[in-house]
Amino acid sequence: MASTNLYGQYTPPIAGGGKYLKIEDGQTVKLRIIDYPVVFTKQFPGSENLSTRYAWVVFNQDTQEAQSFEQGITFFKKIQALSLDPDWGNTSGYDVKVTRMGTGTETEYTVNPSPNSKPLTKEQLEKVATINLTSIHENSIPFEEAIAGKTAPVKDTVIEDIGDEPITLEDIPF
């Protein structure tokens, strides 16, 4: 875990079960955010725009599993605000209760710190160590690189192979 609080050094771009934590509408999950997120871009179906996304390693206190938790800028700002609040500090030191309300573009998350948090056990930390965010989230970069101004690479578009036949100017549709 990082010894300095990097949340104060980063400004996010303007908003435009298993190893993955998915929270259902109306569900509250108690989790520990282990460290800083990775940053990447994602294009959602039906949209031409790329969305900046963040993924954290979390320890899900409800299921006792380490997982990847992916969210957008609005959620990031909630974690950032908690982390910068002098009464709470870095979120790796306490649990938060995350509640999801709504679906689709109407989804909102509330994040409440849990004052009665206990340190993670050796067994819990061993589970956390099995999650490698950069291998799970394609084209992601560590948070420290985002602070330094690096941007997450955009996934390349694969162009269909048209074979070995020669192309003439008449074949080009413009």
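Read-outs throughout are calculated quantities, based only on the coordinates presented, and are distinct from any laboratory measurement. Being a predicted model, the structure only gives us computed values, none of them experimental. Glycine gets a Cβ as well: all are built from the backbone with ideal geometry, and neighbour counts include every protein chain shown.
Would you mind putting 124-134, 69-79 in packing order, based on average other-beta-carbon counts within 10 Å, highest first?
Top of the packing list down: 69-79, 124-134.
Near D25, within a Cβ-to-Cβ distance under 13 Å, what is the net charge of the other residues, with Lys and Arg +1 and Asp and Glu -1?
After counting each charged neighbour, the total is -1.
Ordered by residue, what ³J(HN,Hα) values in Hz, to whole numbers, does region 41-46 give under the Karplus form 6.51 cos²θ - 1.76 cosθ + 1.60, where θ = phi - 60° and Gly and Pro are x?
10, 8, 9, 8, x, x
Using θ = phi - 60° and the Karplus relation 6.51 cos²θ - 1.76 cosθ + 1.60, list the HN-Hα couplings for region 27-32 in order, rounded to whole Hz, with x at every Gly or Pro.
Per residue, the Karplus-derived 3J(HN,Hα) values read 8, 10, 10, 9, 9, 10 Hz.
Hey, what D do you get for the chain in µm²/s if you plug the Kirkwood alpha-carbon radius into Stokes-Einstein at 20 °C and 1.002 mPa s?
Approximately 119 µm²/s, per Stokes-Einstein.
Of the peptides 103-113, 89-99, how do they stack up when ordered by the mean number of other Cβ atoms within 10 Å, highest first?
89-99, 103-113
Provide the gained length on full extension for the span S47 to K22, in nm with one decimal, where the gain is 0.36 nm per separating residue minus the Cα-Cα distance.
Full extension of this stretch gives 6.9 nm more.
Pop the C-beta distance of T134 and V154 into the FRET formula with R0 = 22 Å and round what comes out to the nearest 0.05.
E(calc), rounded to 0.05, equals 0.85.
Would you mind telling me the antiparallel percentage of the DSSP bridges in region 1-145, rounded to 5?
Among the beta bridges of region 1-145, antiparallel pairing accounts for roughly 95 percent.
Toward the positive end of the charge dipole of region 1-154, about the Cα centre and with charges on Cβ (Lys, Arg +1; Asp, Glu -1), which of F75, S117, A146 goes farthest?
After comparing all options, I get S117.
Among the listed pairs K127/K150; K97/K150; K97/K118, which have their C-alpha atoms separated by more than 23 angstrom in this model?
Too far apart for the 23 Å limit: K127/K150; K97/K150.
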